[in-house]
1. Sort out which residues of the stretch B:51-89 are among the hydroxyl-bearing types (Ser, Thr, Tyr), more than 7 Å from chain A (Cβ to nearest Cβ) and part of a loop (DSSP other than H, G, I, E, B), and write them in order of number.
2. Residues of the stretch B:282-331 being under 14 Å from B:Asn272 (Cβ atoms), in a loop (DSSP other than H, G, I, E, B) and free of Cβ contacts under 8 Å to residues at least 12 places away in the same chain, which ones?
3. Go through the stretch A:148-173 and report how many residues are touching a Phe, Trp or Tyr at 6+ places or on another chain (Cβ under 6 Å), under 21 Å from B:Lys63 (Cα atoms) and away from chain B (no Cβ under 11 Å).
4. Are any residues in the stretch B:109-122 within 14 Å of chain A (Cβ to nearest Cβ) and part of a strand (DSSP E or B), and if so, which ones?
5. If you go through the stretch A:13-27 one residue at a time, do you hit one that is more than 27 Å from A:Thr121 (Cα to Cα) and modelled with pLDDT of 90 or more?
6. Which of (1) surrounded by fewer than 16 Cβ atoms within 10 Å (Cβ to Cβ); (2) modelled with pLDDT of 90 or more is the odd one out, the single condition B:Lys324 does not satisfy?
7. On the given criteria, is B:Asp292 modelled with pLDDT under 85, closer than 30 Å to B:Ser65 by Cα and among the charged types (D, E, K, R)?
8. Listed residues B:Ser300, B:Ser316, B:Ser228, B:Ser261; which is at pLDDT below 90, among the polar types (S, T, N, Q) and under 26 Å from B:Val89 (Cβ atoms)?
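The values are calculated or read from the model by the stated rules, or taken from the named source; none is laboratory data. In this text the structure is predicted, and so the values were computed from the model without any measurement. We place every Cβ from the backbone using ideal geometry, glycine too, and count neighbours over all the protein chains shown.
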Amino acid sequence: MIYIKISLIAAVSTAAFFLSASSPKITYKHGRIDAVDLSDKDKFDPYLIDVNTSLTKDLLIATGVQGRLESITPKNYWRLGRDSMGTWRSDTDFWLHSGSLLFCTEHAQSIKFSTRESNATFNGRGTIILEATKNGGFKFIPLEGKGTITTAKGGTKEIIGGRMLLVLGKPTYFGDAYDIDIMLLLKSSRLVNSYPTSLPTFKKMGLAIYIQELKLKGKYDALIGDATTNENLEMWRFGSAKKSDGKPVTNKKGIFGRIFSSD
Amino acid sequence: MNTHISILLLSALVTYGQTQSRVDSTSRSLPSPVAESAQKSSKGTSSDVESSDTGAQRPLLLKKSGFSASFGYDSNIAYKQNPLGAPGVLDQQADAVWVNKFHGMAKLGVYDLDSSVLTPFVGGAWAMTDYTYKNSNEAIPDLSVLNHNTTTAYLLFLLQHESGWAFRAGVMYSNDRSVESDTEEYKEFYPSVGVTKAYPLSDNLLGVLDASVGSHYGDIEDADGPTSSSHTEDELDHIDATLRYSIIYSLETLTITPTYSVSYRKYDNGFNFDRTDVLQNIGVVIQYPISDSFELSLNSDYSKRVSDGNDEAGDSYDTLYDFKKFDLGAGLSLTASF
């Protein structure tokens, strides 16, 4: 009897190990996607890849101008946006060179995100967009979720739906945090909308929008751009010139107006 | 001398009867924050942001605590056919009725419970209702003797679930006080639970389904005194179950909201023993916001009540309580939030 138990535990442990460490596969692609096998250090020979290609740790994946891909694994949803480049070191570890990435999971786990200069570990579950910035770091944008993000020099922070964190430097630390309009981001994000499958966390995103609405004091007539250096973050202002004093200029609208309007 | 006293007594009895009829025909309910939010904000502002992979990142200013409050003033003047809910035909004491209301509400935090969000509310209102009907041939020649002030206060818990359903539970206190005599005409406690679901029907149409169940525990002057058991102070107590459906139609600047509701009410005390009512209402509200805090509106509604059962004498309740009402009004609303 005890041998059966030990065998079962071993089998489950082995399966769990392979599930966590296995490479994701492309489940959807659109447009041109190239890959370069980094294991062969003597040559740099890009080639086209298609659905069902395993995204192994040696493959550098690059999407074209109209390219995008999705990988759905038993636990995770991964989406790589256009003009993006990165490597799946495993189903729980992603390196983003440039462009943007969406990660979504309903299962609490530990995920490593890294870019050219920075890296951070996310512990928890949620729907997160990563955008590589010119300074070598990245924007960490949780649309919803529960958990923490940890960096070497910045310590650990709890994630909050809609609160964007700038992840900077080497050793990595946190830059400024900004509460951003989740509703507007959802409506305008191709990583969210331009894929045939819908994310399983849409209801939780709705709740995150609701919380934001309940706490809303105002909106800035500005859009956040790239972080060109660790000290500078681009901010694009829109609306009337009179409203340029940096104060919130648009009063809040109700939750359903924001969800269902054409805003 | 005796004639004068008799007239005064008769007048007092008629006034009492009218007051009871008015109280009995008044619908009191806890606010539904989700339905109100949907109604107030079904329109959004247009900002043509281009799509990108990540999406537009517009910074917001959020409160840390989630505590907020608002107060406001509403004024509504309406032409009302049968404003007191008298039984019988519609065209009774057709009157312009002016209601001025001061109201306030505080939201006591936002509590994230993972798959739902809990928000407690406290609020209250003070409303002055003035009647203008005058007819020397009526038992009450000047309806302004029925002017009254209504005070309400409530505590409400709203649980917004990620499925989109919003559940609420709360208790409301309400009382009506006569302006003429400065006496309390009626008071009640109303514990209630409800559920609301709002969903889009198209780009500019939003459907809102709302259901609630509650129990009214009231206190009205005993019509025939404590020595008789026919009428009692608690005879207006009843349970109610209400189903309401609204469609919110957003035009450029207008919001048009037609609503239909049906309410089942069951009375079991005193004179109203074993009485059941079905109250149906169909109405429309047109809102025109001048600014974020100032709004004009037009409203109209038609109500019909059908009562079932018999009193102690075997007389059918329908002759006493069946009514039809029609209102057509205009109002303005000022609200400040902080």
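1. Filtering the stretch B:51-89 down to residues among the hydroxyl-bearing types (Ser, Thr, Tyr) leaves B:51-52, B:54, B:65, B:68, B:70, B:73, B:75, B:79.
Among the residues that remain, those that are also more than 7 Å from chain A (Cβ to nearest Cβ) are: B:65, B:68, B:70, B:73, B:75, B:79.
Hit for the stretch B:51-89 is B:Ser65, nothing else.
2. Selection gives B:Ala313, B:Asp315.
3. Adding up the residues that qualify gives 1.
4. Going residue by residue through the stretch B:109-122, those that are within 14 Å of chain A (Cβ to nearest Cβ) are B:109-121.
Listed by number, the residues that qualify are B:Tyr111, B:Asp112, B:Ser116, B:Val117, B:Leu118, B:Thr119, B:Pro120, B:Phe121.
5. At the first step, the residues of the stretch A:13-27 found to be more than 27 Å from A:Thr121 (Cα to Cα) are none.
So far as the stretch A:13-27 goes, no, none of its residues is more than 27 Å from A:Thr121 (Cα to Cα) and modelled with pLDDT of 90 or more.
6. B:Lys324 satisfies all of (1) surrounded by fewer than 16 Cβ atoms within 10 Å (Cβ to Cβ); (2) modelled with pLDDT of 90 or more except (1).
7. Details: modelled with pLDDT under 85: yes; closer than 30 Å to B:Ser65 by Cα: yes; among the charged types (D, E, K, R): yes.
Criteria met by B:Asp292.
8. Values: B:Ser300 fails: at pLDDT below 90; B:Ser228 fails: under 26 Å from B:Val89 (Cβ atoms); B:Ser261 fails: at pLDDT below 90.
Just one listed residue meets the conditions, B:Ser316.
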